[in-house]
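Enquirer: My structure is below; once you've seen it, I'll send some questions.
The values are calculated or read from the model by the stated rules, or taken from the named source; none is laboratory data. This structure is a prediction, so every number in the text was calculated from the model and none was measured. Here the Cβ positions follow ideal geometry from the backbone for every residue, glycine too, while neighbour counts run over all protein chains shown.
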Amino acid sequence: MKRKIIASLLGVAGSLAMVVSSHGQGSVNFANYASDVNAPVTFGQTANVNGVNGISGGLVGSEFTAALMYSLDGGATYTLLTTLASGNPGYPSAFSGVDDGSAAIGSGYFVASPATVTIPGYSSGPVSFIVQAYHGASYAAGDWKGQSAAFTVPSIATGLTTPGDLVGMQAFVVTVPEPSIFALAGLGAAGLMAFRRKK
């Protein structure tokens with residue numbers, strides 16, 4: 001009887017271990033200011049686009065959003081962390097619009113609320129990250145946007161371990177994207193047609 005109970009308990013424990021390993025996740029503090037991170041986001045050019053008056057070198061404000069991309073395969077492919085994956089209502093994160101001289105809450109800085117985001121599928125080893133900043137509905141549709149250089153964290157927290165910071169993240173800029181070559185070609189073709197009609 002005792003052997004059957006022990007065998008049953010071992011079977012349950014083994015099943016739980018398989019579930020945990022197949023649905024692993026890690027966590028990290030999603031902020032660009034912490035005890036070992038100071039990576040403000042600034043404007044890379046002077047322009048006034050869609051209500052955002054950017055001054056080259058100035059800090060971005062609360063009109064901007066920060067999102068996180070992660071790679072579990074050494075940077076070969078990156079996945080955009082989604083609200084569903086992170087489970088945090090404060091992600092993607094808004095930048096602060098307050099500039100009181102405190103980098104922790106000043107313009108150019110963001111922090112998720114709560115600060116911890118989860119990285120699905122992580123069990124151990126290094127993780128590569130890219131942080132995106134944008135103005136608009138998404139990074140792809142942003143009229144101002146930019147992203148950090150890729151950086152790798154040797155390991156991130158799992159289980160009950162306190163999450164670490166995005167160590168290695170560097171400051172970066174946002175700019176107004178150049179119009180695509182196809183858009184420019186279309187404008188050129190329209191101008192040529194208008195010119196021909198005048199003749």
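Enquirer: Within the range 113-156, track down each residue that is in a strand (DSSP E or B), of a type in the set (A, V, I, L, M, F, W, C) and out of contact with any Leu (no Cβ under 9 Å at 6 or more places or on another chain). Show your work before the answer.
Expert: First, pick out the residues of the range 113-156 that are in a strand (DSSP E or B): 113-120, 127-135, 144-147, 151-153.
Among the residues that remain, those that are also of a type in the set (A, V, I, L, M, F, W, C) are: 115, 117, 119, 127, 129-131, 133, 144, 151, 153.
Result: A115, A133, W144.
Enquirer: Out of the residues in the range 72-104 that are outside any loop (DSSP other than H, G, I, E, B), of a type in the set (S, T, N, Q) and surrounded by 18 or more Cβ atoms within 10 Å (Cβ to Cβ), state the one that is modelled with the highest pLDDT.
Expert: It comes out as S93.
Enquirer: Just the residues that are of a type in the set (F, W, Y), over 14 Å from the mean Cα position of the chain (by Cα) and modelled with pLDDT of 95 or more, please, taken from the range 144-191.
Expert: Hit for the range 144-191 is W144, nothing else.
Enquirer: Listed residues A31, A17, A67, A13; which is small (G, A, S), buried (at least 19 other Cβ atoms within 10 Å of the Cβ) and modelled with pLDDT under 95?
Expert: The conditions single out A31.
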